[in-house]
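Q: Here it is, the structure, as structure tokens.
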Amino acid sequence: MFNKIAFQNRRFALIYFFFLLFLFPAISQSQQNPQPGGQLVLATTSDPKSFNTIIAKETSTSEAVEFIFDGLTKTDPFTLKVGPNLAQSWEVSEDGLEWIFHLREDVVWSDGVEFTADDVVFTFNDLVFNPDIPASSRDIFMIDGQPFAVNKVDQYHVKFILPVRFAPFLRAMSQEILPKHKLEKVVKEGKFNSTWGIDTDPREIVGTGPFCLIRYDPGQRLVYERNPRYWKKDLNGNTLPYLERMIYLIVQNSDVELLKFIEGTLDAYSLRGMDYSLLKPIEQKNNFTVYDRGPDLGSQFIVFNQNPGINPNTNKPFVDPVRLSWFQNRDFRRAVAHAVDKEKIIEIVKNKLGYPQYSPMGPAVGFFYKDDVFKYEYDLNKAKQILKDAGFSDRDGDGYIEDQEGHQVEFNLYTNSGSTERVDIGGILNHDLEKLGMKVNFLQLEFNTLVSKLTSTFEWDAIIMGLTGGVEPHFGKNVWTSDGQLHMWNPRQETPATPWEKRIDELFSEGVQELDEDKRKIIYDEFQMIVSRELPVIYTVLSAKLTAIRNKFGNLKPSNLGGVFHNLEEIYIK
Amino acid sequence: MWVYILKRFLVAIPMILIMALATFLLMGSTPGNYLDTIRMDPQVSEETIGYYQHLYKLDRPLLEQFFYWIKNLLRLEFGYSFHYNVPVTRIISARLLNTFILSFASFVLTWAVAIPLGIWAAVHRNQWIDRLIQLFSYIFLSLPSFFIAMILLYWASQTGVLPLGGMYGPDYDQLTLLGKIGDILTHLAIPTVALSIGSIAALQRIMRGNMLEALGQKYILTARAKGLPENKVVYHHALRNAINPLITLLGYEFSSLLSGAALIEIICSWPGLGSLMLTAVRSKDIYLVMTSMLMGGVLFIIGNLLADILLVKVDPRIRYD
Amino acid sequence: MINNNRHHSQFQLALQRFRGNKTAMACVFILGFLYFSAVFAEFLSPYSYKDEQRQYSYCPPTPVHFFDQGRLTWPYVYGLQLSFNEFYKREYVTDVNTKYRVKLFASGESYKLLGLIPTRVHLLGVESPGRIYLLGADSRGRDIFSRLIFGGRVSLSIGLIGVLISFTIGLLIGGAAGYYGGRVDNYLMRLCEMVIMFPGFYLLLALRSAVPDDFNSVQVYFAIILILSFIGWASLARIIRGMCLSLREREYVLAAKSLGVNDFHIITQHILPHTLSYSIFAVMLSIPGYILGESALSLIGLGIQDPFASWGNMLSDAMSIVRIKFAPWILWPAFFIFLTVICFNIIGNVLRDCLDPNLKGN
């Protein structure tokens, strides 16, 4: 098993290596004269919730506005270094508290109005930090409950003053900047929260990005046209983007999406495991290429409820005290971790196109990923031994194990309905736990019901869940610090319940103030070691990100973290 | 007659209110609410959720929420969709027409095919053509419509004759009016057929039964005995009496025109109310559900009334006082 | 009394006519066979519904060999080895050196026949460690044939129990409405209309979310039946009410009334039995609704829960073009749902034709 993992990581490295090899010719190709024009047709599974990115953070929304707005900075999807975008450069004071951004002077909003420091100040002071607006990103920008001061220096310079040092600051500066001249009035009238909803005239939505929304048919499609005033130019001084139009078709059923891709309507398609066997053989014939972009960021895991609290309404404990004592027992969780057959899960659920995960930062995050954490190979005998040593054994010969007081080990395992993947993972795990002598009721619930158990009623035993991930470890604070609301196994603690949770709290407050990347890595390495040792969540597997793209685009640089079309403005039709 | 209609409407109001209350309680008292979807995002803070809770009055008792909604209803305000953060009427109206187009097309196809088929089968009772029709009706009655849609889509992807889902082609905007209609019609084909096939089979059976019943009546015997040509006997005398009972069905069909067919819409990417409702019910977007339920209820009552009135018109023996 | 006799003879006449219909009788036999196999599922299936062998993921149907080097021999199967090809497609390599004999009345997992007799005997089996997949395996290497038989238990019983419940409610409410007429009729019919007015699928979902989530699988099964019957009773009640409206004017009912027999007695003894023969086809025609209802719930993951099998949740596994393409045998549950539904439809319709007095003369 250990060899296998090492092999898979090597494979991961190899993929990246091949990526680079593949990219160099692509970059040199871009010097040939790309022709403007043409369109890109993509699919998305659901309607955007809104076009207001301050309010809505769902993927459907961020996907819909991705190419309309820009931030001050942009993270390079390959090196993960923060680079310039609307800000061409910046300076930071010795103590790391004062940042001055030099804005580009050639940027114009898509309606012709000039982009200035006022827009930046407006975005932060009047939108993100406005107490009347439920800005979803505010939590990131509030440091110890305090906002940072944003001041205009002159037309093209903005100064940020932080209350304390904040390591992810530059990365957080990818926050989209919104136009003051369009939104100032509605903010003053207190109507911002319902502005730029899905019933807005698309021409009202003004951005600095390469494309403008021109049409939205609910349930059908989003149509974008190139922004003729976009600031970026290619090496020959031609205005970008090259593409004339971009269309998102809203296709709810992924099978239909697949058919539409094969037929030729769609230009790109994200593969599920088994699609690979179907698409890879017809690559040449149908003139597309399947790109393996490496492991996904989003994780899937099992979590046990360790909440000792009491329901104030019924005066009953959230978790049955007997069960709670098992779930709080690290050996119990270790035994379960040894019962996760990752290899077969990857084979069955991901069609062999996946990666095992052991630590909260998956291999995709690159720099902060730590490979040599505690790993739990699939070994039911070992799991049985651990359980036996911890006092769990079959005392009455009924095939199920009991704890020391003779309580039969039985609990409910939930997951959300409609995810075949999680149902399969749960089924496989359930089967193995049964072999260990645990009686597990595996049930699927509606997503909302499940989340409400997790975050407000707290009455559950074990859940299989998924969370999206990111490159910046600090943005997972809500999950890992003991007062976080998504600290699923025991949320919103007033004081950390265990020494290791206390240590993680300390690591997170140290990590956010440490500006030296290498020192930061040491901090978050320790955090990953603690999590893999204490197993508050037991990780399962990560999918491989596979995307099939038609062979008609030039300058294509599919990346794992930045998406396939992160450099959309440079992409052209060959 | 008018008094009868008025009376029916007066009865309908408490009925709809009770239904609305039942829906509201059912949706509100079961675990989970809309905000849970937002809660799962690690980057959304507690205050944000609190803000929405307050905005949507989710922190108030259920009954209070309900009466608040009723109060607004009197001012013709149907509430906001939690998910889209805009008035529900705007979301529904954007899709109303699409659902109507699909339902209407399937309605027309069903009746236009099923009635002649039923007559044909009845006239040729127990001959091979009748047996063939009955065989196919049994088969189609027993296939779930989403399965048929899936097969049709797969077939379309293999042959390329019909577009795969959606409502317009990519170049819809550039087409002439005639081209636009043609474009929508080709996109309509698969969902319409998938929706209609089962109802064609069912309606055909009803029509066949009615026709057989009519052909067995004494007056047909009399007509034949008088020496009327067979065509006239069948299409003039029997047909009229066989179709009459179906007219009430028309009224019921009316009430289901706007309820949408969620699974078909999802599979065929048809932007109708069905798929919208499915997500709304599942994510507990209460006011969106309430409003479309209200709409369905009103249509149901109108449809029933229509059926009763039509019945009076075609059958003079029935009378409402 | 005389009336009752006449009624019975009429019903017998209809039964006779029904027996004469070959298609309908074939359907009765098919259904009978399906129900029989559901009852004896443990005995008929080689494996349990949750017997999972991960190295046989999507194993195709195992060919059973009758000839060994040209000579007729006791049937056997070969051992199989899973590998993935360059396109990550599953390929099973036959290992011709390992042969496993097929065994009749093989000893396998222990169970209780009919819930009473403990035994280990299965109709069919194969020498271990070989596996026999008559209809192929699902993603986790569970035998689809066995799961189909076990799944039939759920899917076939859901229709029967469901219709029993909704029919009882429908009979009582429809009977009361039809018998009393007037205001009672009015109120009860408005109640029916209210239930019918809800779009069924969404009501199904809303009610499903009201099921307590610490229910175990058996409780979920009964909850689903209850929900489905709750949606189904109203239309049955309407049909029965219509019949009762005309029956209550019959002489024998009026006679019983004038004799002072109480209402409940009249409804249950004198009116409802007469509606029975006419509503029996309505029952037959409504059973498919329960089977399809469960499969629709399963399609969004809220039906019978894994590892328990139902045709609905097995079908939901198959609702993917790619999976069908590489493992077409996972479509078997669709075939069985189709077969059952078509049988109930044919029986129902033929019964109606046989019972319809207007067609009697022809």
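The values are calculated or read from the model by the stated rules, or taken from the named source; none is laboratory data. Computed from a predicted structure; not experimentally measured. Cβ coordinates were reconstructed from backbone atoms using ideal geometry, including for glycine residues, and neighbour counts include every protein chain displayed.
Q: When the stretch C:78-107 is examined, which residues are found to be part of a strand (DSSP E or B) and in contact with a Pro (Cβ under 7 Å, 6 or more places away or on another chain)?
A: C:92, C:102, listed by residue number.
Q: Check off (1) away from chain A (no Cβ under 14 Å); (2) in contact with a Pro (Cβ under 9 Å, 6 or more places away or on another chain); (3) of a type in the set (Val, Ile, Thr) for residue B:11 and give me the number that stays unchecked.
A: All conditions are met except number (2).
Q: Okay, next question. Is it true that residue A:390 is away from every other protein chain (no Cβ under 14 Å), over 35 Å from the mean Cα position of the chain (by Cα), of a type outside the set (D, E, K, R) and more than 30 Å from residue A:521 (Cβ to Cβ)?
A: yes
Q: Select, from A:512, A:479, A:451, the only residue that is among the aliphatic types (A, V, I, L, M) and modelled with pLDDT under 85.
A: Step by step, each of A:512, A:479, A:451 is checked, and only A:451 is among the aliphatic types (A, V, I, L, M) and modelled with pLDDT under 85.
Q: Of everything in the stretch A:442-464, what is touching a strand residue (DSSP E or B) at 6+ places or on another chain (Cβ under 8 Å) and either of a type outside the set (A, V, I, L, M, F, W, C) or more than 8 Å from every other protein chain (Cβ to nearest Cβ) (or both)? Give them in sequence order.
A: If the condition is that a residue be touching a strand residue (DSSP E or B) at 6+ places or on another chain (Cβ under 8 Å) and either of a type outside the set (A, V, I, L, M, F, W, C) or more than 8 Å from every other protein chain (Cβ to nearest Cβ) (or both), then A:444, A:446, A:453, A:460, A:461, A:462, A:463, A:464 are the ones that fit.
Q: Are there any pairs, at least 6 apart or on different chains, whose C-beta atoms fall under 7 Å, with the first in the stretch B:133-147 and modelled with pLDDT of 90 or more and the second surrounded by fewer than 19 Cβ atoms within 10 Å (Cβ to Cβ) and outside any helix (DSSP H, G or I), and if so, which?
A: none
Q: Answer with yes or no whether residue C:232 is on the phi > 0 side of the Ramachandran plot and either modelled with pLDDT of 80 or more or in a helix (DSSP H, G or I) (or both).
A: Judged against the criteria, residue C:232 is not a match.
Q: Pairs, please: C-beta under 6 Å, at least 6 apart or cross-chain, first residue under 17 Å from residue A:255 (Cα atoms) and within 7 Å of chain A (Cβ to nearest Cβ) and in the stretch B:158-172, second part of a loop (DSSP other than H, G, I, E, B) and hydroxyl-bearing (Ser, Thr, Tyr)?
A: That search, which allows pairs on different chains as well, returns B:165/B:269; B:166/B:269.
Q: Picking from A:434, A:410, A:402, A:421, which residue would you name as being away from every other protein chain (no Cβ under 11 Å), in contact with a strand residue (DSSP E or B) (Cβ under 9 Å, 6 or more places away or on another chain) and under 30 Å from residue C:212 (Cα atoms)?
A: Exactly one of A:434, A:410, A:402, A:421 is away from every other protein chain (no Cβ under 11 Å), in contact with a strand residue (DSSP E or B) (Cβ under 9 Å, 6 or more places away or on another chain) and under 30 Å from residue C:212 (Cα atoms), namely A:402.
Q: Still on this structure, please answer the following. Being more than 26 Å from residue A:100 (Cα to Cα) and in a loop (DSSP other than H, G, I, E, B) is true for just one of A:224, A:216, A:230, A:242. Which residue is that?
A: A:242
Q: I need the full set of residues from the stretch A:489-505 which are under 24 Å from the mean Cα position of the chain (by Cα) and modelled with pLDDT of 90 or more, in order please.
A: A:489, A:490, A:501, A:504, A:505
Q: I've got another one for you. As an exercise: evaluate residue A:273 against (1) more than 11 Å from every other protein chain (Cβ to nearest Cβ); (2) in a loop (DSSP other than H, G, I, E, B); (3) surrounded by fewer than 22 Cβ atoms within 10 Å (Cβ to Cβ) and give the number of the one condition it does not meet.
A: Of (1) more than 11 Å from every other protein chain (Cβ to nearest Cβ); (2) in a loop (DSSP other than H, G, I, E, B); (3) surrounded by fewer than 22 Cβ atoms within 10 Å (Cβ to Cβ), only one is false for residue A:273: (1).
Q: With the condition kept exactly as written, say whether any residue in the stretch A:476-497 is of a type in the set (Lys, Arg), over 22 Å from residue A:174 (Cα atoms) and surrounded by fewer than 19 Cβ atoms within 10 Å (Cβ to Cβ).
A: yes
Q: Being surrounded by fewer than 24 Cβ atoms within 10 Å (Cβ to Cβ) and within 17 Å of residue B:139 (Cβ to Cβ) is the filter; apply it to the stretch B:202-217 and report the residue that is nearest to the other protein chains (Cβ to nearest Cβ).
A: Checked the stretch B:202-217; the qualifying residue nearest to the other protein chains (Cβ to nearest Cβ) is B:205.
Q: Would you check if there is a residue in the stretch A:106-117 being within 26 Å of the chain's Cα centre (by Cα) and among the aliphatic types (A, V, I, L, M)?
A: No, there is no match, as no residue in the stretch A:106-117 is within 26 Å of the chain's Cα centre (by Cα) and among the aliphatic types (A, V, I, L, M).
Q: Look through the stretch B:44-97, keep the residues that are among the hydrophobic types (A, V, I, L, M, F, W, C) and within 9 Å of chain A (Cβ to nearest Cβ), and return whichever of them is farthest from residue B:283 (Cα to Cα).
A: Per the criteria, the residue is B:94.
Q: Would you point out the residue of the stretch C:132-158, among those that are of a type in the set (S, T, N, Q) and away from every other protein chain (no Cβ under 14 Å), that is nearest to residue C:108 (Cα to Cα)?
A: Of everything passing the filter in the stretch C:132-158, C:146 is nearest to residue C:108 (Cα to Cα).
Q: Quick test of your reading of the structure: residue C:197 fulfils all but one of (1) more than 12 Å from chain B (Cβ to nearest Cβ); (2) surrounded by 20 or more Cβ atoms within 10 Å (Cβ to Cβ); (3) of a type outside the set (Lys, Arg); (4) within 27 Å of residue C:267 (Cβ to Cβ). Name the failing condition by number.
A: Result: residue C:197 fails condition (1) only.
Q: Let me ask something else. From the list A:367, A:374, exactly one residue is in a loop (DSSP other than H, G, I, E, B), more than 30 Å from residue C:302 (Cβ to Cβ), in contact (Cβ under 8 Å) with a residue 40 or more places away in the chain and more than 14 Å from chain C (Cβ to nearest Cβ). Which is it?
A: Testing whether each residue is in a loop (DSSP other than H, G, I, E, B), more than 30 Å from residue C:302 (Cβ to Cβ), in contact (Cβ under 8 Å) with a residue 40 or more places away in the chain and more than 14 Å from chain C (Cβ to nearest Cβ) leaves just A:374.
Q: Something else about it: I'm trying to understand the selection: among the residues of the stretch C:53-81, which are at positive phi and either crowded, with 16+ Cβ neighbours inside 10 Å or not polar (S, T, N, Q) (or both)?
A: Selection gives C:58, C:70.
Q: Does residue C:89 meet the test of being touching a residue at least 24 places away in the same chain (Cβ under 8 Å), over 34 Å from the mean Cα position of the chain (by Cα) and crowded, with 16+ Cβ neighbours inside 10 Å?
A: yes
Q: While we're looking at this one, here's another question. Need the failing condition index for residue A:209 against (1) within 13 Å of chain B (Cβ to nearest Cβ); (2) of a type in the set (Gly, Ala, Ser); (3) surrounded by 17 or more Cβ atoms within 10 Å (Cβ to Cβ), just the number.
A: For residue A:209, the failing item is (1).
Q: Out of the stretch A:172-185, which residues are surrounded by fewer than 19 Cβ atoms within 10 Å (Cβ to Cβ) and either within 14 Å of chain B (Cβ to nearest Cβ) or on the phi > 0 side of the Ramachandran plot (or both)?
A: A:174
Q: Additional query: Out of curiosity, is residue A:293 among the charged types (D, E, K, R), over 30 Å from residue A:409 (Cβ atoms), touching a residue at least 12 places away in the same chain (Cβ under 8 Å) and buried (at least 19 other Cβ atoms within 10 Å of the Cβ)?
A: When the stated conditions are applied, residue A:293 passes them.
Q: Here's another thing I want to ask about it. Counting just the residues of the stretch A:353-377 that are in contact with a strand residue (DSSP E or B) (Cβ under 7 Å, 6 or more places away or on another chain) and modelled with pLDDT of 90 or more, which one comes out surrounded by the most Cβ atoms within 10 Å (Cβ to Cβ)?
A: Across the stretch A:353-377, the extreme among qualifying residues is A:356.
Q: Determine, yes or no, whether residue A:428 is within 7 Å of another protein chain (Cβ to nearest Cβ), touching a residue at least 40 places away in the same chain (Cβ under 8 Å) and crowded, with 21+ Cβ neighbours inside 10 Å.
A: Criteria met by residue A:428.
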